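First comes the structure, then the notes that go with it.
The values are calculated or read from the model by the stated rules, or taken from the named source; none is laboratory data. All figures in this text were calculated on a predicted structure; none of them were measured in a lab. Cβ placement follows ideal geometry from the backbone for every residue including glycine, while neighbour counts extend to all protein chains displayed. Quick note on the areas: whole protein, heavy atoms, side chains included, nothing else; ligands and nucleic acids left out. Shrake-Rupley method; radii C 1.70, N 1.55, O 1.52, S 1.80 Å.
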Amino acid sequence: MIDIWTVVRFLHVLGAIIWVGGQLTITLVVLPPARRALTPTDRADVLRAVGKRFAVITAMVFLPVQITTGILLADRHGVTWASLLHPGYGRVLATKLLLFVVVMAATAVHGVAQAKQRPRAARAASITALIGSAGVVLLATGLVEG
């Protein structure tokens, strides 16, 4: 029988899949053909619409699910603010959380740069967010329950 903690972990992992998978899909699947097939104006319109939709899904689904399930999992594991300084699980989790904050900041910078039509800054922020997101997932794999 599946217990509640399995469901909580599943939702946390599912949120990460949606977030990182969405970033990878946009970067590796949507952008290349959009660059080839669309005029710069049409490409900007399509990518702006995709970005806005992804931002809404992030704000309405991803962040609430990740934060809620993350807090529940940390509490279940007995994590305290002080334990984040301890070697092993605590430091890995602290690093993951710090990197998550960096990713969210880079994502915000990307949105602002896009709105101000600063493509270089938007691209740099987007790449930072994507690499950081992969790092968050990598660190998460080190948070196995023992």
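Determine, yes or no, whether L98 is exposed (fewer than 15 other Cβ atoms within 10 Å of the Cβ), part of a helix (DSSP H, G or I) and at pLDDT 90 or above. Explain how you work it out, then say what you get.
Details: exposed (fewer than 15 other Cβ atoms within 10 Å of the Cβ): yes; part of a helix (DSSP H, G or I): yes; at pLDDT 90 or above: yes.
The answer is yes for L98.
The residues on offer are T107, T80, and the sole one that is of a type in the set (S, T, Y) and under 19 Å from the mean Cα position of the chain (by Cα) is T107. Taken as a whole, region 31-42 holds at least one residue that is free of Cβ contacts under 8 Å to residues at least 24 places away in the same chain, open to solvent by 70 Å² or more (accessible area, probe 1.4 Å) and touching a helix residue (DSSP H, G or I) at 6+ places or on another chain (Cβ under 7 Å).
Could you look through region 14-30, keep only residues that are among the hydrophobic types (A, V, I, L, M, F, W, C) and without any contact (Cβ under 8 Å) to a residue 40 or more places away in the chain, and pick out the one that is surrounded by the most Cβ atoms within 10 Å (Cβ to Cβ)? Walk me through how you get there before you give the answer.
Kept after step one, since they are among the hydrophobic types (A, V, I, L, M, F, W, C), are these residues of region 14-30: 14, 16-20, 24, 26, 28-30.
From the residues that got through so far, the ones that are without any contact (Cβ under 8 Å) to a residue 40 or more places away in the chain too are 17, 26, 28-30.
Values: I17: 11, I26: 17, L28: 10, V29: 10, V30: 14.
Once the filter is applied, the top-ranked residue is I26.
Looking at region 8-21, can you tell me whether even one residue there is charged (D, E, K, R), closer than 19 Å to S133 by Cα and assigned to a helix (DSSP H, G or I)? Yes, some residue in region 8-21 is charged (D, E, K, R), closer than 19 Å to S133 by Cα and assigned to a helix (DSSP H, G or I).
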